[in-house]
Amino acid sequence: MNLARFPRIRLAHLPTPLEPLPRLSALLGGPEIWIKRDDCTGLSTGGNKTRKLEFLMAEAVEQGADIVLTQGATQSNHARQTAAAAAKLGMDCHILLEDRTGYNHENYRYNGNVLLDVLHGASIEHRGGGLDMNAEMEAVADRMRADGRRAYTIPGGGSNATGALGYVNCALEMLGQFVDMGLNVDHIVHATGSAGTQAGLITGLKAMNAGIPLLGIGVRAPKAKQEENVFTLAVKTAEKLGCPGVVQREDVVANTDYVGPGYGMPAKDTLEAIDLFARTEAILLDPVYSAKGAAGLIDLIRKGHFRKGERVVFLHTGGAIGLTGYTHEFDVASKA
Ligand SMILES: *Cc1c(COP(=O)(O)O)cnc(C)c1O
């Protein structure tokens, strides 16, 4: 595999740090926990979509696009990072936001990622929940093309084989850091949603024959569907990279026991994870993704799934700016 063959525009601060979490590890009494800080990719408060956008935006530029379109939930980190990347490259950005939660809180609708979408100059339109959002977006793009725009569409989460290359790159980056730091890593854990992160990581890990199991903690779909989505995309990613067949179905593992009431709706253990990481390690998690991933990590440690003497890397995929869209969950007024 040779990632340098693919067009790429540098948008992220790389490599992101890899750090130990000694206070959290001691508190939980299980494995040694490390954190890979993809919340620190740098672009407009960072997050995992920036790695994908390095390859996606390069493709948009190569195709001569003058506007990029994408879609996501109201507090989409992906939409915000796309708006930022487009601003940096002098392109227009149009976003379709889907109301997946029905939340009407002022901060949810206008603060957090939505505020940044606006600051980066993206135009926004809204849709109700439950539509085929990629189809909605393609219809809008077709209308723009009929008006003479050169529109490039990015699927939800930036999750296609081009975007997943960003997480193949992250797998290579992490394996290099493990060697440099002399770290023997037993497991990698992260939040999985639109599947591009897990698909890219597993493709990179398998292509390098790393022998490190990867666990995605789901935020939306049931287990069978999530694993199928990741596997389908990993197969395409491996083909694009010139190493077809490198990922087997059993390499793709998702645990979807921590979704809670639904996408974008935190459960009790989601909020506990935010609290625990903030108070023990000064790490900010987000209520939609990284805190559900962390809730899974914490619970699985408590259940003995990861053992003392093992070393686990939690990939922090970002999103903490979304906290300001969820102030209604934190009872700030009684504490401040
Ligand atoms: C999008 C996102 C994820 C999930 O990544 P996918 O590639 O969509 O599976 C995880 N964490 C955060 C903060 C995200 O924004």
Worksheet item: Within the stretch 256-267, can one find any residue that is away from the ligand (no atom under 13 Å from the Cβ) and more than 28 Å from K335 (Cα to Cα)?
Response: yes
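Which of the residues spanning the stretch 239-283 are in a helix (DSSP H, G or I) and in contact with a Lys or Arg (Cβ under 8 Å, 6 or more places away or on another chain)?
Hits for the stretch 239-283 are D251, T270, A273, T280, E281.
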Fill in: Unique match (being open to solvent by 50 Å² or more (accessible area, probe 1.4 Å) and of a type outside the set (S, T, Y)) among L89, L116
L89
Worksheet item: What is the residue count in the stretch 121-137 for residues that are under 24 Å from L11 (Cβ atoms), over 20 Å from the mean Cα position of the chain (by Cα) and surrounded by fewer than 20 Cβ atoms within 10 Å (Cβ to Cβ)?
Response: 3
Practice prompt. Considering only residues that are farther than 22 Å from V219 by Cβ and touching a residue at least 40 places away in the same chain (Cβ under 8 Å), look in the stretch 197-208 and name the one that is surrounded by the most Cβ atoms within 10 Å (Cβ to Cβ).
Written response: K206
Worksheet item: Here are some conditions: (1) open to solvent by less than 50 Å² (accessible area, probe 1.4 Å); (2) in contact with an Asp or Glu (Cβ under 8 Å, 6 or more places away or on another chain); (3) in contact (Cβ under 8 Å) with a residue 40 or more places away in the chain. Y108 meets all but one. Which one does it not meet?
Response: (2)
Worksheet entry | Meets criteria (part of a loop (DSSP other than H, G, I, E, B) and either surrounded by fewer than 23 Cβ atoms within 10 Å (Cβ to Cβ) or modelled with pLDDT of 95 or more (or both)) for D286 | yes
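Would you say L205 is within 16 Å of the ligand (Cβ to nearest atom) and more than 13 Å from the chain's Cα centre (by Cα)?
Taking the combined requirement at face value, the residue satisfies it.
Quick check, is R37 within 16 Å of the ligand (Cβ to nearest atom), in contact (Cβ under 8 Å) with a residue 12 or more places away in the chain, open to solvent by 10 Å² or more (accessible area, probe 1.4 Å) and basic (K, R)?
It is true that R37 is within 16 Å of the ligand (Cβ to nearest atom), in contact (Cβ under 8 Å) with a residue 12 or more places away in the chain, open to solvent by 10 Å² or more (accessible area, probe 1.4 Å) and basic (K, R).
Condition check ((1) surrounded by fewer than 18 Cβ atoms within 10 Å (Cβ to Cβ); (2) of a type in the set (S, T, N, Q); (3) without any contact (Cβ under 8 Å) to a residue 24 or more places away in the chain; (4) closer than 30 Å to A207 by Cα) across all residues:
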site: T237; (1), (2), (3), (4): no, yes, no, yes
site: D275; (1), (2), (3), (4): yes, no, yes, no
site: K303; (1), (2), (3), (4): yes, no, yes, no
site: F306; (1), (2), (3), (4): no, no, no, yes
site: G318; (1), (2), (3), (4): no, no, no, yes
site: K335; (1), (2), (3), (4): yes, no, yes, no
Practice prompt. Answer yes or no: is there a residue in the stretch 209-223 that is away from the ligand (no atom under 16 Å from the Cβ), more than 21 Å from the chain's Cα centre (by Cα) and crowded, with 16+ Cβ neighbours inside 10 Å.
Written response: yes
Practice prompt. Would you be able to say whether some residue in the stretch 181-196 is in contact (Cβ under 8 Å) with a residue 60 or more places away in the chain, away from the ligand (no atom under 16 Å from the Cβ), open to solvent by less than 30 Å² (accessible area, probe 1.4 Å) and not small (G, A, S)?
Written response: yes
Worksheet item: Just one of R311, R279 is more than 16 Å from the ligand (Cβ to nearest atom) and free of Cβ contacts under 8 Å to residues at least 24 places away in the same chain; which is it?
Response: R279
Practice prompt. Go through the stretch 48-78 and count every residue that is in contact with a Ser or Thr (Cβ under 6 Å, 6 or more places away or on another chain), buried (at least 24 other Cβ atoms within 10 Å of the Cβ) and under 27 Å from A171 (Cβ atoms).
Written response: 5
Worksheet item: Could you say which residue among A164, A151 is of a type outside the set (F, W, Y) and within 16 Å of the ligand (Cβ to nearest atom)?
Response: A164
Practice prompt. Name the residue, out of S44, S25, that is hydroxyl-bearing (S, T, Y), open to solvent by 10 Å² or more (accessible area, probe 1.4 Å) and under 30 Å from K206 (Cα atoms).
Written response: S25
Fill in: Among the candidates Y263, Y326, residue that is surrounded by 22 or more Cβ atoms within 10 Å (Cβ to Cβ) and modelled with pLDDT of 95 or more
Y326
Response to the item:
Considering residues that are on the phi < 0 side of the Ramachandran plot, in a loop (DSSP other than H, G, I, E, B) and either without any contact (Cβ under 8 Å) to a residue 40 or more places away in the chain or of a type outside the set (D, E, K, R) (or both), the number found within the stretch 71-105 is 10
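The values are calculated or read from the model by the stated rules, or taken from the named source; none is laboratory data. Just so it is clear, the model here is predicted, and its values are computed rather than measured. Cβ atoms come from the backbone with ideal geometry, glycine included; neighbour counts cover every protein chain shown. The accessibility values were calculated without ligands, DNA or RNA, using every heavy atom of the protein model including side chains. Shrake-Rupley method; radii C 1.70, N 1.55, O 1.52, S 1.80 Å.
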